[in-house]
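These notes are about the structure you will find just below.
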Amino acid sequence: MDGDGCARLYEELMDGLERYTTSKLEQLFMNSTSTDNRKIVKLAMSYFLEAVFLGKDSKTKVQAKHVRHMDNFEDFNSYPWGRVCFMKNLKSLKKALVDCVRIHKKNITEDPKHKNEAYTLAGFPMVFQIWAYEAMPDFLREFAVHNKNTIPRILNWTASRNVQYDDLLKYIFNNKNMCILPGEKEQDYISWFYNTDRHEEVGEQGRSQENDL
């Protein structure tokens, strides 16, 4: 039992040999008949963290250390989840770019008519879309409407239409007026892509450890 008098989420999810995935965590939450409000809140927060904030695939294992944080609200609220999410975003974006180029070269060698590649992003990639709205005026005019001035800033925007790859070519990659300034290259969100040796840094130790059960 934790300090709130309800069963620890860690004991319920990780007890025994069953390895919980994000999909199973969702089922546990949706099918729960518990009348313990704090337990339900813990389940909801855990699912939101794994499936939305960290953007994990439904088959990905839930990390035990994340569930342990959930058993202590003070610990959970003070943990640098924003940093965890940010670094997962950057690592995922970088890997997607490298993998897509490598896979595309292989596929067009086998099939010259091959055109498109698919990729999956972890973390919460929507924040990069919102950043693009704020940092790239041409992009904003075509794809979004700024309709609020509130906190968090992600709530200030409404997408006017979906962004296609051809749009990115037109407004970003093939735009001669779009360039990265020297000062921007020093920022974390840009410098990551120039540094192939950089490690994922989160928490007090400066690195995250994948402790999936």
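Couple of notes before you dig in:
- Among the residues of segment 118-131, just one is free of Cβ contacts under 8 Å to residues at least 24 places away in the same chain and either surrounded by 16 or more Cβ atoms within 10 Å (Cβ to Cβ) or hydrophobic (A, V, I, L, M, F, W, C) (or both), namely A118.
Yes or no, residue by residue, for (1) in contact (Cβ under 8 Å) with a residue 40 or more places away in the chain; (2) of a type in the set (S, T, N, Q):
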{"position": "S46", "(1), (2)": "no, yes"}
{"position": "G55", "(1), (2)": "yes, no"}
{"position": "K65", "(1), (2)": "yes, no"}
{"position": "S92", "(1), (2)": "no, yes"}
{"position": "K95", "(1), (2)": "no, no"}
{"position": "V98", "(1), (2)": "no, no"}
{"position": "H104", "(1), (2)": "no, no"}
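- Of all the criteria given as (1) at negative phi; (2) in a loop (DSSP other than H, G, I, E, B), the one not satisfied by T158 is (2).
- Of L121, L97, all but one fail to be at pLDDT below 80, outside the structural domain of T22 (by TED's automatic domain parsing), under 19 Å from the mean Cα position of the chain (by Cα) and not in a helix (DSSP H, G or I); the exception is L121.
- V145 falls short on exactly one of the conditions (1) closer than 30 Å to V41 by Cα; (2) in contact with a strand residue (DSSP E or B) (Cβ under 8 Å, 6 or more places away or on another chain), and that condition is (1).
- Candidates in segment 93-116 are the residues that are within 22 Å of T60 (Cα to Cα) and in contact with a helix residue (DSSP H, G or I) (Cβ under 9 Å, 6 or more places away or on another chain); of these, the one that is surrounded by the fewest Cβ atoms within 10 Å (Cβ to Cβ) is L97.
- In summary, K88 fulfils each of the numbered conditions (1) within 15 Å of E12 (Cβ to Cβ); (2) touching a Gly at 6+ places or on another chain (Cβ under 8 Å); (3) charged (D, E, K, R) with the single exception of condition (1).
- Scanning segment 102-112 for residues that are at pLDDT below 80 and either within 20 Å of K170 (Cβ to Cβ) or assigned to a loop (DSSP other than H, G, I, E, B) (or both) returns H104, P112.
- Qualifying residue in segment 29-38 (condition: modelled with pLDDT of 85 or more and either among the aliphatic types (A, V, I, L, M) or surrounded by 12 or more Cβ atoms within 10 Å (Cβ to Cβ) (or both)): yes
The values are calculated or read from the model by the stated rules, or taken from the named source; none is laboratory data. As the structure is a computational prediction, the values presented were derived from the model and not from experiment. So basically every Cβ, Gly included, is an ideal-geometry build from the backbone, and we count neighbours across all protein chains shown.
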